[in-house]
Each structure stands twice: as C-alpha cells, then as structure tokens.
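Below you'll find the structure, written out as structure tokens, and then a few comments.
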Amino acid sequence: MTDIDFLRRIHTNQPTTRGEASFFKFMKQNPHIVQRFMELREQMRQVRSRYRATRVVEAIRWDRDLKREDGRFKISNGQKAYLARLAMALDVVPNGFFQTKELTRSTREAYTLKAYSRQRHNLDQDD
C-alpha cells in the first residue's frame, strides 16, 4: 500500500479491506482523536526519531480516562496501524517515525477472524 493510494481511498471513501472501512468510519466519527494523535506524534517527534503508534494511542486513552469525559469512547487496537499510516501519509518530509508492515492476505484474514471472534463472543469492551 502506498501513501498516496491510502490517501486516495480515504478521500474517495473506497476502502479495500474491512479494517480500512472501520478506520474510515472511525475518522469521521472521531476527528478530535485523529487530531490528538497527530499532535502527540509531533510532540514526541521533537525528542525521538522513532516511536510506536501503540504508545500514542495509550496516551490518548490515558488522557481521556483521567478527564473522565462523558460518552462512549473506544480506539480499537486495529485502528492503531491505520492512524500510523495516515500520519506517515500526511508527512511532508517522511522520516519513518512509525514502522508499519505490509498487510498480506493471511494477515488481513487473521485480523478479520480475530475481530469476528471478539464480536461473536462479545469481548469488545470499552478500554
């Protein structure tokens, strides 16, 4: 997946996987979370050359829990990779701050199976 292809699919709302479809929906419903991810990424980039998207997402979760903001809030673990890809695609000067792996068919199927299993067994709880 190239950055420009990913941005094009976001812009035209034409996801190629269930994960992308879920992420596109998440972005529309939670633009403030996407914005906060970008802000924290920029802050961390001032002191580190590489970082994990997982830690940025955990910081957002921590922040929201401390503030005890009302309403249901959830960042699925599956969103982290897409947030990182979006951040990298929007970089004017790409520097590999986040590392991502190419999603292979078997990886996509594993994610889909895991999501189906969690949904079927009602394991999706608020973080």
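The values are calculated or read from the model by the stated rules, or taken from the named source; none is laboratory data. What you are looking at is a predicted structure, and each value in this text was computed from that prediction instead of being measured. Positions of Cβ are backbone-derived with ideal geometry, glycine not excepted, and every protein chain shown enters the neighbour counts.
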Looking at Ile10, Ile4, which is the one that is in contact (Cβ under 8 Å) with a residue 60 or more places away in the chain and farther than 14 Å from Gln79 by Cβ? Ile4
Going through Ile10, Ile33 one at a time, which residue ends up being more than 13 Å from Ala89 (Cα to Cα), β-branched (Val, Ile, Thr) and crowded, with 17+ Cβ neighbours inside 10 Å? Ile33
Is there a residue being among the basic types (Lys, Arg), at pLDDT below 85, over 13 Å from the mean Cα position of the chain (by Cα) and not in a helix (DSSP H, G or I) anywhere in the stretch 73-84? no
Selection over the stretch 39-53 where residues are surrounded by 14 or more Cβ atoms within 10 Å (Cβ to Cβ) and either in a helix (DSSP H, G or I) or touching a Cys at 6+ places or on another chain (Cβ under 8 Å) (or both) yields a count of 5
Test each condition in (1) modelled with pLDDT of 75 or more; (2) hydrophobic (A, V, I, L, M, F, W, C); (3) surrounded by 12 or more Cβ atoms within 10 Å (Cβ to Cβ) for Ala115 and report the one that comes out false. (1)
What are the residue pairs meeting all of these: first residue in the stretch 16-34, first residue within 19 Å of Val56 (Cβ to Cβ), second residue not in a helix (DSSP H, G or I) and not hydroxyl-bearing (Ser, Thr, Tyr), Cβ atoms under 7 Å, and 6 or more apart or on different chains? Ile33/Ile75
For the stretch 13-30, how many residues meet the condition of being in a helix (DSSP H, G or I) and exposed (fewer than 12 other Cβ atoms within 10 Å of the Cβ)? 2
